[in-house]
Amino acid sequence: MTDLVLILGDQLTAGVSSLRGRDPARTVVLMAEVMGEATYVRHHRKKIVLVLAAMRHFAAGLTAAGWRVDFIRLDDRDNTGTLGGELERAVRRHGASAVYLTEPGEWRLKLEADGWAAALGVPVTVVEDDRFLASHADFEAWAEGRKALRMEFFYREMRRRTGLLMEGEAPAGGRWNYDAENRAPPAGGPFLPEQPLRHDPDAVTREVLELVAKRFPEGFGRLDDFRFAVTREQALASLAHFVDAALPGFGDDQDGMLAASPYLHHAVLSPYLNIGLLEPLEVCGAVEAAWRAGKVPLNAAEGFIRQVIGWREYVRGVYWREGPSYVLRNALEARRPLPEFYWTGKTDMACMKAAIGQTLDLAYAHHIQRLMVTGNFALLAGVDPHALHEWYLGVYADAFEWVEAPNTIGMSQYADGGLLGSKPYAASGSYIHRMSDYCGGCAYDVKVRSGPGACPFNRLYWDFIDRHAARFASNPRMAQSVRTLERMGEDRRRELRADAAACLAELGL
């Protein structure tokens, strides 16, 4: 009797629940690189390399630990191209009597896995993914009866549960949240030249780089200068480097943007958390220890920990609670196709060019670049949120649907009608000007509100408010903007609508 354990590319954790309690003598571990997973959206080529190289290193570690691993490579001649196809072949090949897997992280695969038992003719057991701090039942219990699922209150509960940054029953420093102290514009000047820690490709990763270059010659994103960690040891080194070198400056400028410093003091640990090389409590524990040792300020430690045990766990809870149709929500009825410059970076808007350009280069942009630049433009322009969702899902190395979809559909595009966010994150060019150095070299003038030379964010902002004035009038955080619009008068509102239409036409939209 042979048990077959399927391990997915984002489950690269030695203690993953599907392996726990299994007998290595009667277990085969199946890992498969398949085209279906590499192409269901247009993934950044660096992201594909990260996952495949990490899978290969993880499989080698399992083998060294005494597990029998059946590893299917992308370039194997008889590769079926689908997980289901490879699972079916492996069941026959090994005479497996049962299949086990940790719950997939996306509804797409969860629904597919629900049909595997009938298709394979053997029992398929899906084990809960307990690498997260809040189970589905935990989140449901917290959400039950609440009129609004606000992250702040969930975050406080997670602080109490974990004891992180707590002094008895009270939050360290007397406050739960130091976000108001983490919004300083970047000061400029030298930043860490090699932050995050760079990991040069070894022979395994170089082989994957060559494979991806061959199989995806016209794929999105640049392959040169690959620097991601692909093993747990490298990921731990990245964590230690961040805590020592960058965390002390992380708090103040975490919302800032500089064209020449794409990383600033950000950790870039989310890819490793999301594929399983790191776990949330060990990451947060290292950050808390640095604060308790007096090495970093409280606002830096709290801001980072909030992103991990607060926001990360919270959006996962929302994703699974809302179901597979969540990604199709479109409360603002935005229908415009995604502009082509999201794929090329070819635009005269300096902020968009910078954010998309570094995405092409690095498979990375930090949360404010995603929310207040590329997301803000799509929101103002009325881009279809599902098209934007698929773009974000593909182009960032840390993007898996459970974390990306709520951030896009809910936080960025307000397409869930306010379930996740209390307001749409719409802003004119003045916000980007205040928080970045992008505007100084832009072809558009951020200080001009309308006309061909004006910043497109300015030209589109009031039209966005005008389109949705009836909805936003009852929103406490948007009502002031609606009242300001109404005081402009109908003639001015017609001018704003006409100027926005002209702006979109000039941008080729």
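Gly453 meets all of the listed conditions (1) over 32 Å from the mean Cα position of the chain (by Cα); (2) farther than 24 Å from Gly357 by Cβ but one, namely (2).
Each residue in the range 415-436 was checked for being touching a residue at least 12 places away in the same chain (Cβ under 8 Å) and within 15 Å of Glu322 (Cα to Cα), and 6 pass. The set of residues in the range 264-284 being open to solvent by 30 Å² or more (accessible area, probe 1.4 Å) and of a type outside the set (A, V, I, L, M, F, W, C) consists of His265, Ser270, Glu279, Glu282. Checked against the criterion of being open to solvent by 20 Å² or more (accessible area, probe 1.4 Å) and of a type in the set (Val, Ile, Thr), the candidates Thr344, Thr374 yield just one match: Thr344.
If you go through the range 457-509 and keep only what is open to solvent by less than 60 Å² (accessible area, probe 1.4 Å) and of a type in the set (Lys, Arg), you end up with Arg459, Arg493. Filtering Val296, Val327 for residues that are open to solvent by less than 30 Å² (accessible area, probe 1.4 Å), out of contact with any His (no Cβ under 9 Å at 6 or more places or on another chain) and not aromatic (Phe, Trp, Tyr) leaves a single hit, Val296.
On inspection, Ala245 qualifies as surrounded by fewer than 20 Cβ atoms within 10 Å (Cβ to Cβ), touching a Leu at 6+ places or on another chain (Cβ under 9 Å) and either among the aromatic types (Phe, Trp, Tyr) or farther than 27 Å from Gly105 by Cα (or both). Whether any residue in the range 384-401 is under 25 Å from Ser430 (Cα atoms) and open to solvent by 30 Å² or more (accessible area, probe 1.4 Å) is what I want to check. Scanning the range 384-401 turns up at least one residue that is under 25 Å from Ser430 (Cα atoms) and open to solvent by 30 Å² or more (accessible area, probe 1.4 Å). Is it fair to say Arg45 is more than 15 Å from Leu12 (Cβ to Cβ) and surrounded by fewer than 20 Cβ atoms within 10 Å (Cβ to Cβ)? For Arg45, the condition - more than 15 Å from Leu12 (Cβ to Cβ) and surrounded by fewer than 20 Cβ atoms within 10 Å (Cβ to Cβ) - is not met. Take Arg73 and decide whether it is open to solvent by 10 Å² or more (accessible area, probe 1.4 Å), in contact (Cβ under 8 Å) with a residue 40 or more places away in the chain and not acidic (Asp, Glu). Yes. Restricted to helices (runs of 4 or more DSSP H) entirely inside the range 433-509, those with at least 2 residues that are among the hydroxyl-bearing types (Ser, Thr, Tyr) are 479-488. Taking the range 352-363 as the search range and keeping residues that are out of contact with any Gly (no Cβ under 7 Å at 6 or more places or on another chain) and more than 17 Å from Ser412 (Cα to Cα), which one is most open to solvent (accessible area, probe 1.4 Å)? Filtering the range 352-363 for residues that are out of contact with any Gly (no Cβ under 7 Å at 6 or more places or on another chain) and more than 17 Å from Ser412 (Cα to Cα), the one most open to solvent (accessible area, probe 1.4 Å) comes out as Asp361. Restricting the range 195-227 to residues that are among the acidic types (Asp, Glu) and outside any loop (DSSP other than H, G, I, E, B), the residue that is farthest from Arg42 (Cα to Cα) is Glu207.
Applying a threshold of 7 Å to beta carbon distances and a minimum spacing of six or more residues, or different chains, the list of pairs starting in the range 91-105 at a residue that is within 14 Å of Thr125 (Cα to Cα) and ending at one that is surrounded by 22 or more Cβ atoms within 10 Å (Cβ to Cβ) and of a type in the set (S, T, N, Q) reads Tyr100/Ser18; Leu101/Ser18; Thr102/Gln11; Thr102/Ser18.
The values are calculated or read from the model by the stated rules, or taken from the named source; none is laboratory data. What you are looking at is a predicted structure, and each value in this text was computed from that prediction instead of being measured. All Cβ positions, even for glycine, are placed from backbone atoms using ideal geometry, and neighbour counts span all protein chains on display. The accessibility values were calculated without ligands, DNA or RNA, using every heavy atom of the protein model including side chains. Shrake-Rupley method; radii C 1.70, N 1.55, O 1.52, S 1.80 Å.
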